[in-house]
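The values are calculated or read from the model by the stated rules, or taken from the named source; none is laboratory data. Because the structure is predicted, anything quoted here is derived from the model rather than measured. Note that we place each Cβ from the backbone using ideal geometry, even for glycine, and neighbour counts take in every protein chain shown.
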Amino acid sequence: MSAFHVASGVILLVAVFGYFNHRFFKLPEAIGITAIGMVASLAAVIAGSFDHAVIESAKRLFEQVDFHDALFHGILGLLLFAGALHVSVEDVAPEKWLILALATLGVLLSTVLVGLGFRGAAWLIGVPIDLQHCLLFGALISPTDPIAVLAVLKRLGVPKSLETRIAGESLFNDGTGVVVFLTLLGVATSGETVSLGSTAALFATEVLGGVVAGAVAGLLGFLMLRGVDSYPVEILITLALATAGYAVAEALGVSAPIAVVLMGLIVGNAGKRAAMSVETRERLFGFWEVLDELLNLLLFGLIGLAMLTLSFSVAQGLAAVAGIVIVLLARGLSVGGLIFATPRLRPHARAAITIMTWGGLRGGISIALALALPAFEGRETVISTTYAVVIFSILVQALSLQRVARRVLDQEASAAPASVAHDRAPRGQLQPERDR
């Protein structure tokens, strides 16, 4: 079976999942389609445990797909560009320092906390995974996915600052998380003793180089968009930025994910205001929304296929449960520490930390990074734990986020002093932080 047949089958499944979600479940599309797809993948895994022919067929099919190449030289650049395209710089500006801290210090802190916690859990369970690979797990699971959580947040009517904080952090920590992951992966696979200073220098070079490369490419793309008035040509220009721009950044030895994020921000803000007609904006942004959802579901389809090739054990199940708890705790500690360090947010710290922790959803990129790991002792445990965290994230956190957020927001409103009752937000909403 060719890659075309695989892609065609996955797209057919996405359409079927979307139909059933719209007709029967009425969930936000990103959550509903993903949830149904993940349940279907789990059902296939369970079926494969009873019919070994299914597993053998999946292995033969998966051997035809270079997952690492498909992720890092195709899907990732397009996903990051699509995410950045829809982020408003004006909305992000008031929260820029907190978002920057969450997307950098928060990711690094979460990586360390998850790595150390998972190393301890693996030791207790008796699964042989060394610290450097546990830190790799921390790096790949720390980035959050903005797509699903925003679909829920927009239903709640939470303050714009909180919505922007979560969206901005999720976008930028994707790029940071990938850079941390690739840096740690290079250290783990080099076989050489690497100092903390050299690792930090490599990280800084990739990040700063990615920012410069993305800014230059984004500016060139903006000038090209401003020079034409044809939405098919302008869509092609954005596709070229997300693919060729990513490839050029890789060739220069800088962070391609961060470069693509910068390109998307420039096109989605300066390009949208000054280089596109109304028709082009509608068609171009609509195109990227559809492509973004399709790529996410295609990614989950490939992930489901990959899961059929993995074996499971009681120890891996225990590691998966431990991983879910550790990831949530690390998320709460990393977010909470930075919020308490911001004086203006302290009055709303409990609500903000709860929503940002429970709303820190993990997506396909985390599993794709796990599947890109080279062979090492405990690799399948890391992959199965990553998959468990993502399943819990989509099927439990995403589907219960509305109830959790509403309860916290109601408690915050009822606890407000009577003297400021006239300033309260409507029931179910959180009074916006004083950030103007």
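Quick notes on this structure:
- Checking each residue in region 343-371 for being over 16 Å from the mean Cα position of the chain (by Cα) and surrounded by 18 or more Cβ atoms within 10 Å (Cβ to Cβ) picks out Leu345, His348, Ala351, Ala352, Ile353, Thr354, Ile355.
Matching residues to (1) over 28 Å from Thr381 (Cβ atoms); (2) assigned to a helix (DSSP H, G or I):
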{"residue": "Leu78", "(1), (2)": "yes, yes"}
{"residue": "Val92", "(1), (2)": "yes, yes"}
{"residue": "Leu100", "(1), (2)": "yes, yes"}
{"residue": "Thr111", "(1), (2)": "no, yes"}
{"residue": "Gly120", "(1), (2)": "no, yes"}
{"residue": "Trp123", "(1), (2)": "no, yes"}
{"residue": "Pro128", "(1), (2)": "no, no"}
{"residue": "Phe137", "(1), (2)": "no, yes"}
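- Whenever a residue of region 241-267 is under 18 Å from Thr176 (Cα atoms), its partners that are outside any helix (DSSP H, G or I) and not basic (Lys, Arg), lying with C-beta atoms within less than 8 angstrom and at least six residues away or across chains, give the pairs Ala249/Ser255; Gly264/Val87; Leu265/Val87.
Results for (1) among the hydrophobic types (A, V, I, L, M, F, W, C); (2) crowded, with 24+ Cβ neighbours inside 10 Å; (3) at pLDDT below 90; (4) within 19 Å of the chain's Cα centre (by Cα), shown as yes or no for each residue.
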residue: Gly83; (1), (2), (3), (4): no, yes, yes, yes
residue: Glu90; (1), (2), (3), (4): no, no, yes, no
residue: Leu100; (1), (2), (3), (4): yes, no, yes, yes
residue: Leu116; (1), (2), (3), (4): yes, no, no, no
residue: Trp123; (1), (2), (3), (4): yes, no, no, no
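- Of the residues making up region 336-362, just one is over 23 Å from Arg403 (Cβ atoms) and touching a Gly at 6+ places or on another chain (Cβ under 8 Å), namely Leu338.
- Being modelled with pLDDT of 90 or more, within 25 Å of the chain's Cα centre (by Cα) and within 30 Å of His133 (Cα to Cα) is a condition met by at least one residue of region 262-284.
- Positions within region 342-379 being among the polar types (S, T, N, Q) and in a helix (DSSP H, G or I), in sequence order: Thr354, Thr357, Ser366
- Condition met for Pro94 (touching a Lys or Arg at 6+ places or on another chain (Cβ under 9 Å) and surrounded by fewer than 17 Cβ atoms within 10 Å (Cβ to Cβ)): yes
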